[in-house]
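The values are calculated or read from the model by the stated rules, or taken from the named source; none is laboratory data. Please read all numbers here as calculations on a predicted model, not as lab measurements. FYI the Cβ positions are ideal-geometry reconstructions off the backbone, even for glycines, and counts take in every protein chain you see. All accessible areas refer to the heavy atoms of the entire protein, side chains included, with ligands and DNA or RNA removed. Shrake-Rupley method; radii C 1.70, N 1.55, O 1.52, S 1.80 Å.
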Amino acid sequence: MGNGIKVTLVNYTKKPLETVTWAALISYWDEWETEAFERMGQKDVEMHLPKVLGYGHESILEHATLTFAIEGCSRVCSHQLVRHRLASYTQQSQRYIKLNLNDIEETFVIPNGIKEDPELLEEWKELMKKSIELYRKSIERGRHQEDARFILPQAVRTKLVVTMNLRELKHFLGLRACERAQWEIREVAWKMLEEIARNEELRPVIKWAKLGPRCIHLGYCPEGELMPPGCWRRTREKWKALAGSKPTV
């Protein structure tokens with residue numbers, strides 16, 4: 001979309017797929033023991049994990065968590081993110097941080113649909129400029145930023161840290177990577193998936209757990225006639241290219 005959103009995978013469970021596989025084996029391996037975790041290797045993962053996930057036993061995915069840094073999305077987007085309750089969030093505070101508001105497009109997320117209408121875009125920028133001026137004026141007049149922030153539009157950019165386990169991440173991606181999802185959170189969802197694909201240790205779970213829009217997991221589009229023509233084909237091609245991608249520097 002080119003709206004300056006940055007998503008970075010900053011941390012995840014040590015030996016994530018080994019952890020998930022080791023947890024799965026407690027269910028049906030008589031010789032399971034705590035010490036077996038240190039012996040888990042790639043061959044064990046490849047032998048057991050695809051099969052277990054293929055049976056639909058996904059609770060084991062909850063034993064691995066991933067932490068992402070998200071920068072440059074709007075407060076509109078972050079409000080949607082926090083609806084996914086089985087996750088942890090820490091967000092940039094507008095109460096304690098005095099925002100440095102300079103360039104309009106660096107400060108606010110402006111939808112491409114607005115940018116396509118030059119006259120409307122100018123009105124948007126004028127309103128945003130006025131909100132910045134009033135924000136600054138309020139602080140200059142001695143008002144704390146916790147009160148000054150009330151004037152800022154939801155389009156103002158923000159930063160946050162998100163931690164999800166793999167099972168909740170699958171649920172999140174199923175809803176938000178869909179073409180019918182709002183464009184900004186859809187961009188965040190695909191960037192999260194791209195971060196996983198770039199990680200050699202994590203990439204196999206994209207295929208094994210079918211991380212992605214629900215049509216990938218279900219094998220059909222649950223939104224049916226609500227979706228634009230060709231959506232399922234485009235999504236599958238994009239997902240297959242990503243799932244089979246190699247890490248890039």
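Annotations for the structure displayed:
- Qualifying residue in segment 155-172 (condition: under 12 Å from the mean Cα position of the chain (by Cα), modelled with pLDDT of 95 or more, over 30 Å from Tyr220 (Cα atoms) and part of a strand (DSSP E or B)): yes
- In segment 75-97, the qualifying residues are those that are over 13 Å from the mean Cα position of the chain (by Cα) and of a type in the set (A, V, I, L, M), and the one that is nearest to Arg203 (Cα to Cα) is Leu86.
- For beta carbons closer than 8 Å, sequence separation of 6+ or different chains, a first residue in segment 43-56 that is within 19 Å of Glu200 (Cβ to Cβ) and a second that is at pLDDT below 95 and aliphatic (A, V, I, L, M), the qualifying pairs are Leu49/Ala24.
- Taking segment 137-148 as the range and being assigned to a helix (DSSP H, G or I) and open to solvent by 100 Å² or more (accessible area, probe 1.4 Å) as the test, the residues that pass are Lys137, Glu140.
Residues checked against (1) modelled with pLDDT of 95 or more; (2) out of contact with any Lys or Arg (no Cβ under 7 Å at 6 or more places or on another chain); (3) of a type outside the set (Phe, Trp, Tyr):
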{"site": "Ala24", "(1), (2), (3)": "no, yes, yes"}
{"site": "Glu31", "(1), (2), (3)": "no, yes, yes"}
{"site": "Arg39", "(1), (2), (3)": "no, yes, yes"}
{"site": "Glu46", "(1), (2), (3)": "yes, yes, yes"}
{"site": "Ala64", "(1), (2), (3)": "yes, yes, yes"}
{"site": "Gly72", "(1), (2), (3)": "yes, no, yes"}
{"site": "Asp117", "(1), (2), (3)": "yes, yes, yes"}
{"site": "Glu122", "(1), (2), (3)": "yes, yes, yes"}
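- Count - residues of segment 157-185 that are open to solvent by less than 50 Å² (accessible area, probe 1.4 Å), of a type in the set (D, E, K, R) and either touching an Asp or Glu at 6+ places or on another chain (Cβ under 9 Å) or at positive phi (or both): 3
- Scanning segment 105-119 for residues that are surrounded by 10 or more Cβ atoms within 10 Å (Cβ to Cβ) and of a type in the set (Asp, Glu) returns Glu105, Glu106, Asp117.
- Of all residues in segment 196-238 being within 17 Å of the chain's Cα centre (by Cα), surrounded by fewer than 18 Cβ atoms within 10 Å (Cβ to Cβ) and charged (D, E, K, R), the one that is modelled with the highest pLDDT: Arg198
- Pairs where the first residue, in segment 197-216, is under 11 Å from Leu173 (Cα atoms) and the second is in a loop (DSSP other than H, G, I, E, B) and of a type in the set (D, E, K, R), C-beta under 7 Å, 6+ apart: Ile216/Lys210
- Hey, Ala241 open to solvent by 40 Å² or more (accessible area, probe 1.4 Å), out of contact with any Phe, Trp or Tyr (no Cβ under 9 Å at 6 or more places or on another chain) and not β-branched (Val, Ile, Thr) or not: yes
- Odd one out for Gly72, checked against (1) touching a residue at least 60 places away in the same chain (Cβ under 8 Å); (2) open to solvent by 40 Å² or more (accessible area, probe 1.4 Å); (3) more than 16 Å from Pro204 (Cβ to Cβ): (2)
- Lys191 being touching a His at 6+ places or on another chain (Cβ under 6 Å), in contact (Cβ under 8 Å) with a residue 24 or more places away in the chain and not hydroxyl-bearing (Ser, Thr, Tyr): no
- Helices (runs of 4 or more DSSP H) within segment 23-129 that include 1 or more residues of a type in the set (Phe, Trp, Tyr): 36-39
- Counting the residues of segment 21-41 that are open to solvent by 90 Å² or more (accessible area, probe 1.4 Å) and under 18 Å from Leu61 (Cβ atoms) gives 3.
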